[in-house]
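Trainee: Okay, here's the structure, questions in a sec.
The values are calculated or read from the model by the stated rules, or taken from the named source; none is laboratory data. Everything numeric here is computed off the predicted structure, so don't read it as measured data. Note that each Cβ is placed from the backbone with ideal geometry, even for glycine, and that neighbours are counted across all protein chains shown.
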Amino acid sequence: MRPRKLVAGAVLTTALALVALPGLTSSRSPSSDRSIDPAALQPVSYPSRATQTTRFAALDPAFRSAGFVAPGDVFVEPPAEGGPIPARPDVDQPGSRSYSAMVPPRYTLTGFASFYDHGTTAMRLPRGTLVVICGDGGCIERRVTDYGPNARIHPDRIADLFRPDFFRICGCPSFAGTTRVTIKVY
């Protein structure tokens, strides 16, 4: 048996919620729009305090934004259609460096590759491995997306390449089926 105060409190709370929140008990059809009476809106005026002035301290220059415009700054207008373009200021930039930061590959595989229409596959490498595949036509960098080709059916093939990639590194006519490649594994 439940205490009477608990049951009475739950019933009273539910009744008050239904009355206080009309959205819970409202009708399913929207109410008609009523215009607001213009007489209900009245202008409000506040007396001004013209006798008091407030002074602010100067801002610290360290807090200025990067695009701060000083009162004496000069703006350069864009030239009119067909007019001369204003000269740009010379900027001292560091020269380029002649070294490379390429990491050496962990190991290299050499063999034949064919084309495959569903991504780059490598027989001896797991998915997600970063490889650089080089052939007579150039090199490409790819991630292995699938396992293959089957070593029992094609023991001399080490990779299947996406068709556009195959013909990019092959350097051979479009009717070629395989090409010799070197795979650098990173």
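Trainee: I'm trying to understand the selection: among the residues of the range 137-181, which are farther than 14 Å from THR121 by Cα and in contact with a Leu (Cβ under 8 Å, 6 or more places away or on another chain)?
Mentor: Within the range 137-181, just ILE169 meets the criteria.
Trainee: Let me ask you something else. Given the residues GLY67, GLY111, GLY137, which is the only one that is out of contact with any strand residue (DSSP E or B) (no Cβ under 8 Å at 6 or more places or on another chain) and either surrounded by 14 or more Cβ atoms within 10 Å (Cβ to Cβ) or touching a residue at least 60 places away in the same chain (Cβ under 8 Å) (or both)?
Mentor: Details: GLY67 fails: either surrounded by 14 or more Cβ atoms within 10 Å (Cβ to Cβ) or touching a residue at least 60 places away in the same chain (Cβ under 8 Å) (or both); GLY111 fails: out of contact with any strand residue (DSSP E or B) (no Cβ under 8 Å at 6 or more places or on another chain).
Being out of contact with any strand residue (DSSP E or B) (no Cβ under 8 Å at 6 or more places or on another chain) and either surrounded by 14 or more Cβ atoms within 10 Å (Cβ to Cβ) or touching a residue at least 60 places away in the same chain (Cβ under 8 Å) (or both) holds for just one of GLY67, GLY111, GLY137, which is GLY137.
Trainee: What number of residues in the range 121-156 are part of a strand (DSSP E or B) and either among the hydrophobic types (A, V, I, L, M, F, W, C) or modelled with pLDDT of 90 or more (or both)?
Mentor: First, the residues of the range 121-156 that are part of a strand (DSSP E or B): 121-122, 130-135, 138-143, 146-147.
From what is left, the residues that are either among the hydrophobic types (A, V, I, L, M, F, W, C) or modelled with pLDDT of 90 or more (or both) are 122, 130-135, 138-143.
Final tally of qualifying residues: 13.
Trainee: Another question, then. Hey, ARG142 hits all of (1) in contact with a strand residue (DSSP E or B) (Cβ under 7 Å, 6 or more places away or on another chain); (2) in contact (Cβ under 8 Å) with a residue 60 or more places away in the chain but one; which does it fall short on?
Mentor: Evaluating ARG142 over (1) in contact with a strand residue (DSSP E or B) (Cβ under 7 Å, 6 or more places away or on another chain); (2) in contact (Cβ under 8 Å) with a residue 60 or more places away in the chain leaves (2) as the failure.
Trainee: Can you tell which of ALA62, ALA87, ALA66 is in a helix (DSSP H, G or I) and at pLDDT 70 or above? Step through it out loud before you land on a result.
Mentor: Values: ALA87 fails: in a helix (DSSP H, G or I); ALA66 fails: in a helix (DSSP H, G or I).
When all the criteria are applied, what remains is ALA62.
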